[in-house]
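Step one of this worksheet: look at the structure below.
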Amino acid sequence: MTRAHRPCCTPAAAAPVPPAVASPVAGPAAGRRSLRGQVRLSGGEFAMGDAFGEGYPADGETPVHPVRLKPFHIDETAVTNAQFATFVKATGHITDAERYGSSAVFHLVVAAPSADILGSAAGTPWWINVRGAHWRRPEGARSDITDRQNHPVVHVSWNDATAYARWAGKRLPTEAEWEYAARGGLSGRRYAWGDELTPDGRWRCNIWQGRFPHTNTADDGHVTTAPVKSYRPNGFGLWNTAGNVWEWCTDWFSPAYYAQAPADDPHGPETGTARVMRGGSYLCHDSYCNRYRVAARSSNTPESSSGNLGFRCANDA
């Protein structure tokens, strides 16, 4: 089924982030290559793209095309709150959401005084721009991450993710590396575990159940983020490559890129205005954003952040 285009599951920043007061990325581990928490993948050739005709045309998930990758390493999980806190403590990094002063929070989970509600995103009224929302306070001033240390960090922009990766001796994955890794060795399947969303009636990812955007029955056990090692890992040992949080890739985004991408280790267009995001999030639902499929892709501007946007890192082999 070919779908009409729907707006992306993460809103763009309401306005450009103010110029950075330099946030240092140097630290004890800066520039020192690290494979900690990563799995080594052998690479090889795979078919990249949507073989089912289920994507949004404006996302550019077709044509399906052969891609050959060199061996590489990739994190088993998304970067956690605890890991990001270590980075911030070591470097003094200030995220784009903190510098801008607000970030996007889903309307049902806002935890902030009414004075902190700055309005909703154009075209997606379920996204609320909340003053003081950032990685430490994901729903606003009345929230914290005390009991979410092993959950994925959110409200991180592409800029923030890149700074973390550089400090950690890693890098962000290319979009091709991300899809190869997310497939877990299954060729041409809809999801990381096969073609059925709920095999044996069991949820295999953290997405929306119910009527979006007002009623989430949380049949999968989670309303917002889940711990990074929830459900089952895929065939390569990677956790939560569908749902939970969107994950930044290093590539610039273009819906026309697949038609002209090189077969060997593609790195995306040379320029652009938005960066690729992969994997979907806890807000994805078939009626609105069927982007928890392994071929699905989306994008956002590098300074944007929201309560369902995180990342994982990669490395050369």
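Looking across region 236-265, the residues that are among the small types (Gly, Ala, Ser), on the phi < 0 side of the Ramachandran plot and part of a loop (DSSP other than H, G, I, E, B) come down to 242, 254, 256, 261, 263.
Considering the conditions (1) of a type outside the set (D, E, K, R); (2) closer than 23 Å to residue 308 by Cα; (3) modelled with pLDDT under 95; (4) touching a helix residue (DSSP H, G or I) at 6+ places or on another chain (Cβ under 6 Å), residue 87 is excluded by exactly one of them, (3). Taken together, the residues in region 218-227 that are surrounded by 15 or more Cβ atoms within 10 Å (Cβ to Cβ) and under 16 Å from residue 150 (Cβ atoms) amount to 5.
Of the residues in region 102-136, how many are among the aliphatic types (A, V, I, L, M), outside any strand (DSSP E or B), open to solvent by 10 Å² or more (accessible area, probe 1.4 Å) and at pLDDT 95 or above? Quick ask: steps written out before the conclusion?
From region 102-136, those among the aliphatic types (A, V, I, L, M) are 104-105, 108-112, 115, 117-118, 121-122, 128, 130, 133; that's our starting set.
Going one step further and asking which of them are outside any strand (DSSP E or B), we end up with 108-112, 115, 122, 133.
Keeping just the survivors that are open to solvent by 10 Å² or more (accessible area, probe 1.4 Å) gives 108-112, 115, 122.
Those still in the list that are at pLDDT 95 or above too: 108-112, 115.
Residues in region 102-136 being among the aliphatic types (A, V, I, L, M), outside any strand (DSSP E or B), open to solvent by 10 Å² or more (accessible area, probe 1.4 Å) and at pLDDT 95 or above: 6 in total.
Considering region 228-246 alone, what residues qualify as being out of contact with any Ser or Thr (no Cβ under 8 Å at 6 or more places or on another chain), crowded, with 20+ Cβ neighbours inside 10 Å and in contact (Cβ under 8 Å) with a residue 40 or more places away in the chain? Matches in region 228-246: 236, 241, 242. If you go through region 160-174 and keep only what is outside any helix (DSSP H, G or I) and small (Gly, Ala, Ser), you end up with 168, 169. Sub-6 Å Cβ pairs linking a first residue in region 180-196 that is within 15 Å of residue 64 (Cβ to Cβ) to a second residue that is aliphatic (A, V, I, L, M), at least 6 apart or interchain, are 180/69; 183/294; 188/47; 188/51, ordered by first then second residue.
The values are calculated or read from the model by the stated rules, or taken from the named source; none is laboratory data. Note that the coordinates shown come from a computational prediction; the quantities given were computed from them, not determined experimentally. For neighbour counting, all protein chains shown are included, and Cβ atoms are generated from backbone atoms with ideal geometry for every residue, glycine included. To get the accessible areas, we keep the full protein, side chains included, count just its heavy atoms, and leave off ligands, DNA and RNA. Shrake-Rupley method; radii C 1.70, N 1.55, O 1.52, S 1.80 Å.
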